[in-house]
Amino acid sequence: MTSDDAVAGHRLTQQLGWPHTEQDWAFHLAQGRGWAAVDRDETVIGTALLWFYGDHDGTLGLVIVDKAFRGKGVARTLMEQVLEAAGARKIRLVATEMAVQLYRNLGFASPNNIKIAQRQGVIARSTPMAINDGSIVRLAREDDYACIRTLDRNAVGMDRSGVINSLLTSATSYVLEREGSVIGCVLVRDSGHGKTFGPLVSSNQTDAKLLLSQAVSEHPGFCRIDVPEDAKALGIWLEQNGLSLVDRGTLMQNFDDKLRKTLSCKMYSLISQALI
Ligand SMILES: CC(C)(COP(=O)(O)OP(=O)(O)OC[C@H]1O[C@@H](n2cnc3c(N)ncnc32)[C@H](O)[C@@H]1OP(=O)(O)O)[C@@H](O)C(=O)NCCC(=O)NCCS
């Protein structure tokens, strides 16, 4: 795919009622590479995208086949190309209910059985949570960027510096600072129907709430956040704050590694289900 295919990709997500804008498509395409299936008239009828992080990791997503062409092996053919390009890399993805079997057939599994909750809603202007241990949530400065990249890498176990750098140029980014150290971050960007909050990295759910409460208070309106469902306290807090559960995906991978349990800080919200 080339950057011009963002229009065709957008058409496919619209057919599904997914919220991606053409800009979201262009952003995702620019970070990785994509394969398109076309019909006899060269009209795009299917897509699959792949992103590389460092030398050993990657994610895939935006695997979509036009309704009129489903059940004919289009997705499988696209996936074979994608997986050949991925080679020996460890690949992760978030599968919709409809696609779980497709990925299982291709060797993906969900060893930790982590579900990703898509939460969204319209948020009123609010007051951020009070902090009484001397910590602060503040806007990130350029000299925080290296720390944000490190936090992200420690949380996901992949070096996503390229994508994080791209986000930092346009997102509003917040950091949580405690005793002089930056220990958490959240990036807020325009996406879909409003703002998307992610990645959100912190060492626990209480800190995740502090970051989000500040970010949400300054971005009233339509918000979306994709949260691992095992962060139960965070899920309850989001529900109470108007971010309802609208869908659920399954985190899958094609390697055997219960990585998430060993990480020092955690990713409490995804960049997107595609970029994870
Ligand atoms: C999921 C989707 C991409 C599958 O596309 P497709 O072209 O119809 O799939 P294929 O015909 O190539 O099927 C490939 C394999 O997946 C299986 N499969 C596909 N859709 C399935 C479904 N809904 N339920 C069970 N199995 C399914 C097929 O049985 C087939 O198995 P096989 O290769 O072992 O014979 C398509 O239904 C779609 O676009 N859905 C909406 C978007 C979406 O949810 N994308 C996934 C994002 S993670």
*Restricting to the chain, compute how many DSSP beta bridges are antiparallel as a %, nearest 5.*
90 percent
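Taking the Cβ of each residue in Trp25, Trp237 as the centre, tally the other Cβ atoms inside 10 Å and list the residues starting with the fewest.
On the way: Trp25 25, Trp237 18.
So the ranking, lowest neighbour count to highest, is Trp237, Trp25.
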*Using the alpha-carbon atoms, what tilt in degrees (0 to 90, nearest 10) does helix 74-86 show relative to the longest principal axis of the chain?*
60 degrees
*How large, in Å, is the range 3-111 by the Kirkwood hydrodynamic radius built from its alpha-carbon pairs?*
14.3 Å
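Among Lys115/Lys195; Lys67/Lys90; Lys232/Lys266; Lys90/Lys115, which pairs are too far apart, with a Cα-Cα distance over 24 Å?
Lys67/Lys90
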*Area projected by the alpha carbon convex hull of the chain, averaged over all directions, nm²*: 13.9 nm²
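What order do you get for Tyr145, Tyr268, Tyr103 when you list them from fewest to most C-beta neighbours inside 10 Å? Write down the numbers at each step before the final one.
Values: Tyr145 17, Tyr268 28, Tyr103 23.
With the fewest neighbours first, Tyr145, Tyr268, Tyr103 line up as Tyr145, Tyr103, Tyr268.
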*How many angstrom lie between the C-alpha centres of the range 128-190 and the range 222-244?*
19 Å
*Packing-based exposure ordering (other Cβ within 10 Å, fewest first) of Arg153, Arg40, Arg141, Arg70*: Arg40, Arg141, Arg70, Arg153
*Per DSSP H run of n ≥ 4, the term is -39500 (n - 2.57); total these for the chain, divide by its residue number, and report the mean residue ellipticity at 222 nm rounded to 500 deg cm²/dmol.*
-9000 deg cm²/dmol
*Would you work out which of Gly194, Met158, Thr172 lies farthest towards the positive end of the dipole of the range 154-204? Charges go on Cβ: Lys and Arg +1, Asp and Glu -1.*
Gly194
*With springs only between Cα atoms under 10 Å, which of Gly17, Gly184, Gly107 fluctuates most in a Gaussian network model of the chain?*
Gly17
*Pick out, from Gly107, His56, Val94, the residue whose Cα sits farthest towards the positive end of the charge dipole of the range 3-111, with +1 on the Cβ of Lys and Arg and -1 on the Cβ of Asp and Glu.*
Gly107
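Bear in mind these aren't lab numbers, they're just calculated from the coordinates by the rules spelled out. Since the model is a prediction, treat every value here as computed from it, not as a measurement. Don't worry about glycine lacking a Cβ; one is built from the backbone with ideal geometry, like all the others, and counts go over all protein chains shown.
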